[in-house]
1. In the stretch 358-416, how many residues are in contact with a Lys or Arg (Cβ under 8 Å, 6 or more places away or on another chain), of a type in the set (A, V, I, L, M, F, W, C) and not in a helix (DSSP H, G or I)?
2. Pick from the stretch 121-180 the residues that are assigned to a helix (DSSP H, G or I) and aromatic (Phe, Trp, Tyr): which of them is surrounded by the most Cβ atoms within 10 Å (Cβ to Cβ)?
3. Could you check the stretch 331-345 and list, in sequence order, the residues that are in contact (Cβ under 8 Å) with a residue 40 or more places away in the chain and not in a loop (DSSP other than H, G, I, E, B)?
4. For the stretch 402-447, what are the residues that are modelled with pLDDT under 80 and surrounded by 15 or more Cβ atoms within 10 Å (Cβ to Cβ)?
5. For the structure I just gave you, tell me whether Asp193 is part of a loop (DSSP other than H, G, I, E, B), at pLDDT 90 or above, over 23 Å from Ala88 (Cβ atoms) and not assigned by TED's automatic domain parsing to the domain that holds Met275.
6. Considering only the stretch 168-182, state which residues are aliphatic (A, V, I, L, M) and in contact (Cβ under 8 Å) with a residue 40 or more places away in the chain.
7. Within the bounds of the stretch 245-262, is there any residue that is buried (at least 19 other Cβ atoms within 10 Å of the Cβ), closer than 27 Å to Leu342 by Cα and more than 31 Å from the chain's Cα centre (by Cα)?
8. Report the residue count in the stretch 124-166 for those that are closer than 23 Å to Leu351 by Cα and without any contact (Cβ under 8 Å) to a residue 40 or more places away in the chain.
Amino acid sequence: MSLPPGFLDELRNRLSLTDVVGRKVMWDQRKSNAGKGDMWAPCPFHHEKTASFHVNDKDGYYYCFGCHAKGDAITFVRETENVSFMEAIEILAREAGMPIPERDPQAQKQADKRSQLAEINEVANRFFRLNLSQQGGAQARAYLDRRGMKPETRERFEIGYAPPGNALLRALKDQGISVEMAIEAGVVAKPDDGRDPYDFYRDRITFPIRDARGRLISFGGRAMDPNARAKYLNGPERLLFDKGAALYNHGPARAGCGKGQVLVVAEGYMDVIAMAEAGFDATVAPLGTAITERQLQLMWRMSDEPVIALDGDKAGLRAAFRLIDLAMPLLQAGKGLRFGILPEGQDPDELIKAKGREAMQEVLDGALPMVALLWRRETEGKVFDSPERRAALDKSLRDAIRPIADPSIKGHYGEILKDMRFELFRGKRSEQQGGGGERRAWTPGKGRFNGGRFGKGPAVPTEGLKASLIVSGDETQADLMREAVVLAVLVKNPGLALDFLSQLEALQPRTEDHAALLHALLTHAEVEDADELHEKILNDVGRGPLDRLLSHPHVQITPPVRKPDREVAQMCLTEELAKLKARRGYKAELDEGLVDLLAAEDEKVTWRLRQAAEARNKATKAEAEDKTEFDTAENGLELSRDERDAFRALLNRIAPEGQK
C-alpha cells in the first residue's frame, strides 16, 4: 500500500520519540535532560548495565553507542515489536490519532467486513469467558485445574467455555448480529442438508486465536466429552481465518522474539500455554495441521532459527521428518531450523510439569540442526552391510538435499553429510577389523607405532626390518600418477564422481594438493557442467593445485582428459582405482604383518607373509603393464629388489636352525 506524500512526516511530527521509546526502557535520570529532549537509557536491543542508548527527541532519532542500533520511531517499533513496516505505521498512527489513508473502495469494503467479523468473534469470546466462570462451566474449570492451569493464566489466554446447545446463537441474535454474519465469522455453522444453523462450538473449552495484529480471527475448542468425534476443533476457514497462514500465540511470541527469546514451535494450545507459564513467551503452535509453507515464513519473520519442539513420540518425529522436506526448498543463508527432541512419550506441557523449566531449557539448548535430523531419518534402524544398501543411502541423501535452491547451502549440506557417511562406514570397518585382544595401530609410511603394548612373541630387533618398510621411489611415483589421472578425469568429466563415491572417499591422497582437489570434487559431485565445476574447484582450492594437476604430461595424454568422454572416463576410473586399491591393500597387509611379527608367536609369521604375498600378487597382476625392474621368486611372486632383500632378511631371522 502506498502512503500519500507527507503522511510519514506528519506522523513523525505528531509523535514524541521519547514517549515511544519510554514504553520499553528505563531512563537514566542522571544523564538525561528531559527539557532538551536529550535522553539516555540502557539499550533495549542488547543486554547492558550502563546507559549507552541515546534518544534525540528534537531530531526524532536514536542511536546506541554499544551495539550501534539506530533509527526513528517507526524503526524502533518495527524492531521492538517485531512487526512489518505497515504494521508499525498502523500502531503509531493509532497512538497519534491519525487515520490510515483509505485504500480503494473494494479493499476498504473487505477491510470493514473483516473488522465486523473480528468484532463478532470478540462478542463470542466474552460469552465463552462468562460461561467458564458460571455454574455450567464447573466441569471445564475442574479439567483446567487438573491440568494445572492457574486462574491468572486463564485470564491471560482468555480461556472460555462453549456450553452445549445453541446458547451462543441466541445471544448473538439478542445483540442484533445476523445469522449470516455469525456463520461468516465461524462461530455458527449451517448444515448442507438445509437444517437450522447451530453453534459451531458446543461443550468445549475455547482458546481464542488472534493474528499478529491482535484481531480475534477464530477459536480452538477442546471437547469435554471423551467420545467426541474430534478432541480438538478449529474454526472453519472463512474470510477472516486461514488456518494454514496463522499461528496460535503469534502476537505475544513475536514480542518475545523482539526481546531476544528464541522462537519455539510446539504442537498444541496447552503446550504453548505451559511454555508461556514457564517463561518461554516466544512459543507458537500450528493450528491442528502439519506446519505449512506460509507458517514457516511467518516463523522466519520472527526468528532466523526457530526450534521445533514436537512431541517425543513416533508421530512427533514423523511430523519433524515431513517438515524437513517442506523446508529444504525454502532455506536461505541465515534462515534455518533446529529440532528439540523431547523425551519419548512427553510433550512440553508434561515435561515441564514433571521436571520443571530447566528440563525444557535443556531440550532447547540441545536442539539439533536440520542436517542432523535428516541424517537420522535416512539412517536410523537401517543396516548398510552391502554396496547396494550403501548406494541406496547415497541416493536418498542426494535426493533429500536436491531441492535446496541456494548452492552454498546445498554445498555445505553435502559436505557435512559426506563427513557423517565417512564416520558411519569407517566405524563399521573398525568393528569388522577389530576382534579380541589389544592391538597396536600402525601408521603406514611413518615408521612408528601409535600405542599399545608388545605381545609375548620373540624379541626381534627392528633394524633388520627397515628395508621392508620402504616403498620404492618408482612405486610411489606410480601411485601419485594414478591419483593425478583419477582427479583429472573427474575434473574433465563432471558428474562422474557420483558413480565412484565409496572408492573416492577411501582414496587417501598422498599429497596436500591431491587431498584438496579430491575434497572439492566430492563437495561438488552433483555439478554436471564442466565450466561450473572448474569455477567451483578454483574457488575452493585456488589456481595452483589445479594448474599443476592438469599440466603434467602423463595427465595430458590420458584419453578422457584430452577428449572428455563419459564411457571412456568410466573405464579409466574403474581401472586406475582398482590398481590403487590393490597396491595399497598389499602395502597395508605387509605393514600389518610386520607389526604382528614383532609381537606374535613364530607360527603366525608364515601365515602373515603368505597374506602379504597374495595381496602383492593381486597388485602386480593388475599393473603388469606398468612393471619396472622386478625379480621373480620361485613361487611366482614378483618382488622389487628392496622387498626381496627385506623378506630374505626376515626369513633368515625367524627360520629355525638347520633350515636357513
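1. Selection size over the stretch 358-416: 5.
2. So, considering only residues that are assigned to a helix (DSSP H, G or I) and aromatic (Phe, Trp, Tyr), the one surrounded by the most Cβ atoms within 10 Å (Cβ to Cβ) is Phe128.
3. Gln332
4. Within the stretch 402-447, Arg439, Arg440, Trp442 meet the criteria.
5. For Asp193, the condition - part of a loop (DSSP other than H, G, I, E, B), at pLDDT 90 or above, over 23 Å from Ala88 (Cβ atoms) and not assigned by TED's automatic domain parsing to the domain that holds Met275 - is not met.
6. Listed by number, the residues that qualify are Leu168, Ala171, Leu172, Ile177, Met181, Ala182.
7. No, the stretch 245-262 has no match at all.
8. 7
The values are calculated or read from the model by the stated rules, or taken from the named source; none is laboratory data. Quick caveat, the model's predicted, so the values are computed rather than measured. Reconstructed Cβ throughout: ideal geometry from the backbone, glycine too, with neighbour counts over all protein chains shown.
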